[in-house]
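Comments concern the structure below.
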Amino acid sequence: MKQNRTHALWYKQPASRWEEALPAGNGRLGAMVFGGDRTERLQLNEDTLWSGFPRDKVNYDAQRYLRQARELIFAGKYEEAEQLVNQRMLGWNTEAYQPLGDLYIERIGGGEASDYERELDLSTGILKTVFTVEGVRYTREVWISQPDQVLVVVLYADRAAAMDVDLSLESLLPHQTAAYGDGRLLMKGMAPSHVESNYFRDHPEAILFEEGLGMRFEAQLQAAAEGGEVEALAGRIQIRGADRVMLLLAAATNFESYDKLPESGARRPEQLCERWLRTASAHGEEALRERHLRDHTAMFGRVELTLGGEERAQLPTDERLEAYKQGSVDPALEALYFHYGRYLLMGSSRPGTQPANLQGIWNHQIEPPWNSNYTSNINVQMNYWPAEVVNLSDCHEPMHKMIGELAQAGRRTARIHYGARGWTAHHNVDLWRMTTPSGGDASWAFWPMGGLWMSAHLWEHYLFTRDEVFLREQAYPILREAALFALDWLMEGPDGFLTTAPSTSPENRFLAANGEPCSTAYGSAMDLTLIRDVMEQVIQSAELLDLEDAEIREFRLALERLQPIQIGRDGRLLEWGTELEEHELGHRHVSHLYGVYPGRSINRLETPERLEAARASLAARIANGGGHTGWSCAWLINLYARLLDGENAHHFIHTLLARSTHPNLFDDHPPFQIDGNFGGTAGIAELLLQSHLGELHLLPALPSAWSSGSVRGLRARGGFTVALDWRDGQIQSAEIAAGFTGTVRLRTDRAFQGASPAAAGEAGAFVGELRIAAGETLTVAFE
């Protein structure tokens with residue numbers, strides 16, 4: 001096995017449960033590799049395999065009750081308004097992401113295995129399992145190729161004719177299999193037409209199958225052996241006496257588009273699989289490996305991070321994690337976690353695929369937690385927090401495409417539910433681009449701001465890339481319509497400001513006058529922050545694109561009248577538009593702090609008083625148990641990074657790993673959700689580089705635990721790529737590569753040529769502006 005394991009997860013025993021298996025993926029096809037010595041299991045997913053089909057989920061009666069709900073709210077009858085919303089203005093739940101099946105590779109004959117190791121090398125994307133049986137050393141390698149759209153398994157040993165294996169395909173879904181003497185193994189099946197939420201296990205038929213309505217899928221395996229014999233028997237492939245075996249697996253569904261019945265289109269999964277297998281087989285093993293490595297290393301190699309302590313990489317990952325929980329210092333494990341987040345984003349989101357969902361692309365259940373959907377009141381957005389800064393901008397593309405599809409689908413929801421222009425989406429989205437409220441309770445289901453938050457990803461992509469074509473042709477039209485919805489959603493509140501009603505702060509509640517928990521009021525801080533952001537983004541876009549019309553003037557006037565974010569009597573930011581007693585003091589969501597991160601409207605330069613109120617809010621939330629889920633803890637890392645508090649941020653990095661991480665380093669909500677992995681990766685980057693205030697702040701919140709280290713390849717807004725080295729807590733070198741000609745403003749704690757002392761009370765002792773040309777790499781001259 002490879003001994004330099006700086007970028008590797010490795011173990012001395014097979015996975016005994018799903019949360020110990022290791023992931024592989026190419027954005028479309030995913031596998032969880034268990035590494036069994038006697039029986040290997042590869043649990044398979046395909047990113048378009050969901051339950052359901054396109055349905056009209058609009059609540060045609062909702063708009064009837066909107067005015068009444070608003071009147072109740074402004075009369076202070078919050079609980080009555082919430083009852084009305086719950087009874088009359090909600091909708092139906094999303095469909096569920098599905099498991100495709102399992103590939104089993106069973107070793108025939110031989111005794112117990114010894115000298116066992118399994119490894120995932122993040123830098124190559126290849127998983128390797130090795131073990132010894134009766135003096136024979138067996139090796140199994142697995143990767144999923146993005147260029148060739150196949151899963152590849154290579155089996156070999158250090159003795160000729162030692163490979164005796166049986167191969168089979170199975171699925172939890174209704175399916176049929178067939179095996180052929182030429183080494184082909186086929187599985188075809190059908191997904192449910194509907195999966196109903198069944199958390200209380202009280203539904204007699206929560207998983208519904210209807211002929212002609214469920215998605216069809218197919219998986220095809222091609223086995224090729226060097227030496228030995230291959231034959232089909234009882235739906236399995238048997239290989240005996242081979243020197244080396246290569247397995248190729250392709251999978252596909254008949255999904256064409258979110259608005260088309262699968263059976264109505266021309267997509268044939270069997271033809272796709274046949275084509276991919278035919279092409280991949282023609283390449284051969286070495287070419288397939290080389291093509292995969294070229295693609296994977298080109299992306300993974302864009303960024304490097306070292307934090308010290310790399311010698312601990314020689315310990316198995318589960319032992320390192322356990323020692324870390326017991327107090328061992330392991331900055332290299334924190335760096336590995338950062339790199340793992342990059343690997344997971346590469347594996348679950350590539351151009352042309354579906355976006356990463358609650359579980360990325362890896363799910364083994366027909367009824368996964370929260371349907372493994374796109375939860376858009378924090379979770380799917382968190383999945384993409386690291387995309388730009390860790391130099392994986394191309395992995396952001398599936399999110400952008402989904403936002404565009406939601407904008408199309410969400411026009412009907414805006415018009416019919418609310419009588420508004422533009423488009424809206426709520427807190428849950430699925431493959432079929434549901435934009436309506438879900439069922440359940442207003443506290444989570446009634447939140448028509450989901451589209452505004454997702455639209456911010458388009459603006460962020462522009463800020464990092466300065467791609468004016470993207471801004472003009474893709475981002476601006478979507479942002480403009482999101483802002484139009486926001487404009488029509490606003491109404492005059494009791495103090496004369498424009499505000500939102502009904503308004504919730506995602507999943508949180510306050511105490512109504514009768515002492516009962518309630519979620520529905522007016523003017524939540526998150527609503528108002530998102531609305532201000534999207535309108536300002538549209539105005540700035542219009543200026544960049546030299547556009548000005550009556551709508552832009554409407555946005556400017558609305559911003560002048562928009563209700564400001566308020567500070568309460570105790571010095572904390574108010575979460576709703578008026579001071580209300582909190583129901584759950586340690587709630588997992590910190591939605592009223594959106595303006596700190598991922599937004600920028602609450603910051604130390606422009607709104608210092610609100611920033612301190614946000615700091616007080618955060619401290620109070622944590623003091624009462626906040627941050628207790630994996631993703632919530634990851635949000636705290638990013639918030640403290642923006643507060644320039646590296647020590648508290650690092651404390652929550654430790655908490656995320658020590659409390660909310662499975663043995664395979666998957667985030668534990670609990671249960672597994674991938675958002676915490678991505679949020680943690682983003683937070684680590686945010687401690688090293690910030691660019692949201694029109695400047696590059698180098699090492700803005702470096703924790704003392706990372707006293708020496710280096711990072712290369714981080715991206716900054718403005719089109720810059722940054723490399724930094726530091727020692728004993730002080731920056732030693734910095735290189736800035738520019739994609740555009742202009743001026744770069746730097747902030748750092750160490751003097752450099754062209755810098756001046758920062759203003760009293762400002763973070764970073766020195767600030768300066770330097771000229772840089774497109775294609776140039778500027779080396780900062782520190783004094």
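The values are calculated or read from the model by the stated rules, or taken from the named source; none is laboratory data. Only a predicted model underlies this, so the values are computations on that prediction, with no experimental measurement involved. All Cβ positions, glycine included, derive from the backbone under ideal geometry; neighbour counts span all protein chains shown. When the accessible area is computed, the model is the full protein with side chains, heavy atoms only, and any ligands, DNA or RNA have been set aside. Shrake-Rupley method; radii C 1.70, N 1.55, O 1.52, S 1.80 Å.
One residue stands out in segment 384-407 among those that are in contact with a Pro (Cβ under 7 Å, 6 or more places away or on another chain) and assigned to a helix (DSSP H, G or I): the one that is surrounded by the fewest Cβ atoms within 10 Å (Cβ to Cβ), namely ASP394. Number of residues in segment 2-35 that are open to solvent by less than 10 Å² (accessible area, probe 1.4 Å) and not in a strand (DSSP E or B): the value is 5.
Quick test for you: out of GLU548, GLU554, pick the one residue that is more than 25 Å from the chain's Cα centre (by Cα) and at pLDDT below 95.
On the way: GLU554 fails: at pLDDT below 95.
Answer to the check: GLU548.
The set of residues in segment 624-634 being within 17 Å of GLU575 (Cα to Cα) and either more than 25 Å from the chain's Cα centre (by Cα) or not small (Gly, Ala, Ser) (or both) consists of ASN624 alone. If we scan segment 702-712, do we find a residue that is crowded, with 20+ Cβ neighbours inside 10 Å, more than 20 Å from LEU358 (Cβ to Cβ), basic (Lys, Arg) and touching a strand residue (DSSP E or B) at 6+ places or on another chain (Cβ under 6 Å)? Checked segment 702-712: no residue is crowded, with 20+ Cβ neighbours inside 10 Å, more than 20 Å from LEU358 (Cβ to Cβ), basic (Lys, Arg) and touching a strand residue (DSSP E or B) at 6+ places or on another chain (Cβ under 6 Å).
Beta carbons closer than 9 Å, at least 6 apart along the sequence or on distinct chains, pair a first residue in segment 737-751 that is farther than 13 Å from ARG717 by Cα with a second that is polar (S, T, N, Q) and open to solvent by 50 Å² or more (accessible area, probe 1.4 Å) for ASP749/GLN730; ARG750/GLN730; ARG750/GLN732. Restricting segment 530-546 to residues that are open to solvent by 10 Å² or more (accessible area, probe 1.4 Å) and part of a helix (DSSP H, G or I) leaves a set whose member that is farthest from MET491 (Cα to Cα) is LEU544.
Considering only segment 280-318, state which residues are part of a helix (DSSP H, G or I), surrounded by fewer than 14 Cβ atoms within 10 Å (Cβ to Cβ) and more than 27 Å from the chain's Cα centre (by Cα). Give the derivation first.
Going residue by residue through segment 280-318, those that are part of a helix (DSSP H, G or I) are 280-283, 285-300, 310-314, 317-318.
Narrowing further to those that are surrounded by fewer than 14 Cβ atoms within 10 Å (Cβ to Cβ): 282, 286-287, 290, 294, 297-298, 311, 314.
If the condition is that a residue be part of a helix (DSSP H, G or I), surrounded by fewer than 14 Cβ atoms within 10 Å (Cβ to Cβ) and more than 27 Å from the chain's Cα centre (by Cα), then ALA282, GLU286, ALA287, GLU290, GLU311, GLN314 are the ones that fit.
The residues of segment 129-139 that are over 30 Å from SER348 (Cα atoms) and surrounded by fewer than 19 Cβ atoms within 10 Å (Cβ to Cβ), listed by number, are THR132, GLU134, GLY135, VAL136, ARG137. Within this structure, ASP202 fails the test of being in a loop (DSSP other than H, G, I, E, B), out of contact with any strand residue (DSSP E or B) (no Cβ under 8 Å at 6 or more places or on another chain) and touching a residue at least 24 places away in the same chain (Cβ under 8 Å).
Residue by residue, here is whether (1) in a loop (DSSP other than H, G, I, E, B); (2) open to solvent by less than 30 Å² (accessible area, probe 1.4 Å) holds:
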residue	(1), (2)
GLY109	yes, no
ASP115	no, no
LEU127	no, yes
GLU141	no, yes
LEU151	no, yes
ASP164	no, no
LEU169	no, yes
PRO192	yes, yes
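Among the numbered conditions (1) within 25 Å of VAL142 (Cα to Cα); (2) over 19 Å from the mean Cα position of the chain (by Cα), the only one that GLN354 does not meet is (2). With respect to the conditions (1) surrounded by fewer than 24 Cβ atoms within 10 Å (Cβ to Cβ); (2) in a helix (DSSP H, G or I), GLY410 falls short on a single one, namely (1). The selection criterion, being of a type outside the set (Asp, Glu), open to solvent by less than 10 Å² (accessible area, probe 1.4 Å) and either over 21 Å from SER591 (Cβ atoms) or without any contact (Cβ under 8 Å) to a residue 12 or more places away in the chain (or both), does not hold for ALA445. Whether any residue in segment 87-107 is touching a helix residue (DSSP H, G or I) at 6+ places or on another chain (Cβ under 9 Å), part of a strand (DSSP E or B) and open to solvent by less than 40 Å² (accessible area, probe 1.4 Å) is what I want to check. For segment 87-107, residues touching a helix residue (DSSP H, G or I) at 6+ places or on another chain (Cβ under 9 Å), part of a strand (DSSP E or B) and open to solvent by less than 40 Å² (accessible area, probe 1.4 Å): present.
Taking each residue of segment 167-194 that is closer than 20 Å to GLN271 by Cβ and looking for partners that are at pLDDT below 95 and crowded, with 19+ Cβ neighbours inside 10 Å with beta-carbon atoms closer than 7 Å, six or more apart or interchain, yields MET190/GLY214; ALA191/GLY214. With respect to (1) acidic (Asp, Glu); (2) modelled with pLDDT of 95 or more; (3) open to solvent by 40 Å² or more (accessible area, probe 1.4 Å), the lone exception for ASP330 is condition (3).
Would you confirm whether any residue within segment 555-565 is open to solvent by 70 Å² or more (accessible area, probe 1.4 Å), within 27 Å of LYS77 (Cα to Cα), out of contact with any helix residue (DSSP H, G or I) (no Cβ under 8 Å at 6 or more places or on another chain) and part of a helix (DSSP H, G or I)? So that I can check it myself, show each step before the final result.
Restricting attention to segment 555-565, the residues satisfying the condition of being open to solvent by 70 Å² or more (accessible area, probe 1.4 Å) are 556-557, 560-561.
Next, from what is left, pick out any that are within 27 Å of LYS77 (Cα to Cα): 561.
Now narrow it down to the ones that are out of contact with any helix residue (DSSP H, G or I) (no Cβ under 8 Å at 6 or more places or on another chain): 561.
Still in the running and part of a helix (DSSP H, G or I): 561.
Yes; the residues of segment 555-565 include at least one that is open to solvent by 70 Å² or more (accessible area, probe 1.4 Å), within 27 Å of LYS77 (Cα to Cα), out of contact with any helix residue (DSSP H, G or I) (no Cβ under 8 Å at 6 or more places or on another chain) and part of a helix (DSSP H, G or I).
When PRO506 is tested against (1) out of contact with any strand residue (DSSP E or B) (no Cβ under 9 Å at 6 or more places or on another chain); (2) of a type outside the set (Asp, Glu); (3) crowded, with 23+ Cβ neighbours inside 10 Å; (4) part of a helix (DSSP H, G or I), just one condition goes unmet, and that condition is (4). Note on segment 568-584: among residues that are open to solvent by 60 Å² or more (accessible area, probe 1.4 Å) and either in a strand (DSSP E or B) or out of contact with any helix residue (DSSP H, G or I) (no Cβ under 8 Å at 6 or more places or on another chain) (or both), the one that is farthest from PRO494 (Cα to Cα) is GLU584. Is it the case that ILE736 is open to solvent by less than 40 Å² (accessible area, probe 1.4 Å), more than 21 Å from GLY309 (Cα to Cα), in a strand (DSSP E or B) and at pLDDT 95 or above? Taking the combined requirement at face value, the residue satisfies it. The single residue among SER632, SER660 that is open to solvent by less than 30 Å² (accessible area, probe 1.4 Å), of a type in the set (Gly, Ala, Ser) and over 16 Å from PHE338 (Cβ atoms) turns out to be SER632. Screening TRP489 with (1) more than 20 Å from ARG412 (Cα to Cα); (2) touching a Ser or Thr at 6+ places or on another chain (Cβ under 7 Å); (3) among the aromatic types (Phe, Trp, Tyr) gives one miss only, at (1). Do we find a residue being touching a residue at least 12 places away in the same chain (Cβ under 8 Å), touching an Asp or Glu at 6+ places or on another chain (Cβ under 9 Å), under 20 Å from TYR384 (Cα atoms) and outside any strand (DSSP E or B) anywhere in segment 695-709? No, segment 695-709 contains no residue that is touching a residue at least 12 places away in the same chain (Cβ under 8 Å), touching an Asp or Glu at 6+ places or on another chain (Cβ under 9 Å), under 20 Å from TYR384 (Cα atoms) and outside any strand (DSSP E or B).
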